[in-house]
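J.: Got a structure here, written out as structure tokens. Questions coming.
The values are calculated or read from the model by the stated rules, or taken from the named source; none is laboratory data. Just so we're clear, the structure is a prediction, and the values are computed from it rather than from any experiment. When we count neighbours, we look across all protein chains shown, and the Cβ atoms used for this are built from the backbone with ideal geometry, even at glycine.
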Amino acid sequence: MVPALPAQRPSFALVLSSHQVACWERAVYVSRDIKKAAHYPLNSHISDRVVLELRVRPGRVKRIDRDNHPLQFTWHANGYDTAWVPPNCCPRSVPSGLEEDCVFDPKRVQVVGIAKAPNPTVKNCLLQLLSNSKKPGRRGQSAAVVCSLCKRKTQQDSPHIKQQCWACGQNICILMTKHVCAAKP
């Protein structure tokens with residue numbers, strides 16, 4: 001078995017509702033540290049806490065590695081999709097010392113599993129909801145779109161850029177691995 005690289009490891013949900021925390025913006029908070037995720041929501045009974053396994057497309061990430069960072073409150077307005085706080089770097093903002101990420105757009109976060117539930121009944125109910133949401137034809141779910149030129153899947157709401165070859169004029173996708181130009185000898 002090959003160990004997953006840090007970027008491939010699952011993220012766990014801290015809070016799935018948008019809310020505002022003193023040092024951040026309204027966003028979805030996630031962490032790769034399951035211990036941190038298991039403590040949320042704060043001030044709730046342990047039997048009410050569920051940790052979800054997520055697939056996160058972080059986009060452009062800003063590292064916030066100290067308290068009073070110049071972009072601590074304005075990272076999204078400066079073109080970043082996610083703010084990342086590494087472990088043990090912001091004692092006032094993140095007193096636990098555990099890593100967290102703040103993802104501005106909830107569409108970048110997808111629930112893929114249940115990492116921890118208070119009991120098997122709750123876990124089974126959540127797994128059933130999750131499996132129902134993955135069935136084709138459900139609201140919010142769309143079939144994968146494949147680029148007609150490079151034959152790769154495109155990300156939701158992000159078609160591949162297509163342009164004409166400068167030499168032969170043939171339509172090509174910028175992600176094509178190989179284009180044999182008919183105009184070249």
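J.: Would you mind stating whether K123 is more than 27 Å from Q155 (Cα to Cα), of a type in the set (D, E, K, R), outside any strand (DSSP E or B) and not assigned by TED's automatic domain parsing to the domain that holds S158?
T.: Working: more than 27 Å from Q155 (Cα to Cα): yes; of a type in the set (D, E, K, R): yes; outside any strand (DSSP E or B): yes; not assigned by TED's automatic domain parsing to the domain that holds S158: yes.
Yes; evaluated as a whole, the condition is true for this residue.
J.: Looking only at the stretch 16-28, filter to residues that are within 17 Å of V103 (Cβ to Cβ) and surrounded by fewer than 16 Cβ atoms within 10 Å (Cβ to Cβ); which one of those is modelled with the highest pLDDT? Full working, then the answer.
T.: Applying the first criterion (within 17 Å of V103 (Cβ to Cβ)) to the stretch 16-28 yields 16-21, 23-28.
Subset that is surrounded by fewer than 16 Cβ atoms within 10 Å (Cβ to Cβ): 17-21, 26.
Working: S17: 36, S18: 37, H19: 38, Q20: 39, V21: 43, R26: 70.
Filtering first and then ranking leaves R26.
J.: So, of the residues in the stretch 1-15 that are outside any strand (DSSP E or B) and over 12 Å from the mean Cα position of the chain (by Cα), which turns out to be modelled with the highest pLDDT? Walk me through how you get there before you give the answer.
T.: Filtering the stretch 1-15 for residues outside any strand (DSSP E or B) gives 1-10.
With over 12 Å from the mean Cα position of the chain (by Cα) added as a condition, the list becomes 1-6.
Numbers: M1: 33, V2: 36, P3: 39, A4: 39, L5: 41, P6: 45.
Per the criteria, the residue is P6.
J.: Also, quick follow-up: Counting just the residues of the stretch 30-51 that are among the β-branched types (V, I, T) and assigned to a helix (DSSP H, G or I), which one comes out farthest from the chain's Cα centre (by Cα)? It would help to see each step written out before you state the result.
T.: Let us first name the residues in the stretch 30-51 that are among the β-branched types (V, I, T), namely 30, 34, 46, 50-51.
Checking which are assigned to a helix (DSSP H, G or I) leaves us with 34, 46.
Working: I34: 16, I46: 26 Å.
So the residue we want is I46.
J.: Residues in the stretch 122-132: is at least one at pLDDT below 85 and farther than 24 Å from P41 by Cβ?
T.: We begin by selecting, within the stretch 122-132, every residue at pLDDT below 85; these are 132.
Restricting the remaining residues to those that are farther than 24 Å from P41 by Cβ gives 132.
For the stretch 122-132, residues at pLDDT below 85 and farther than 24 Å from P41 by Cβ: present.
J.: Can you name the residue in the stretch 29-65 that is farther than 15 Å from C102 by Cα and basic (K, R) and is also surrounded by the fewest Cβ atoms within 10 Å (Cβ to Cβ) among such residues?
T.: Restricting to residues being farther than 15 Å from C102 by Cα and basic (K, R), the top hit is K35.
J.: Here is a follow-up. Are there any pairs, at least 6 apart or on different chains, whose C-beta atoms fall under 6 Å, with the first in the stretch 85-98 and β-branched (V, I, T) and the second in a loop (DSSP other than H, G, I, E, B) and surrounded by 15 or more Cβ atoms within 10 Å (Cβ to Cβ), and if so, which?
T.: V85/I64; V85/V94
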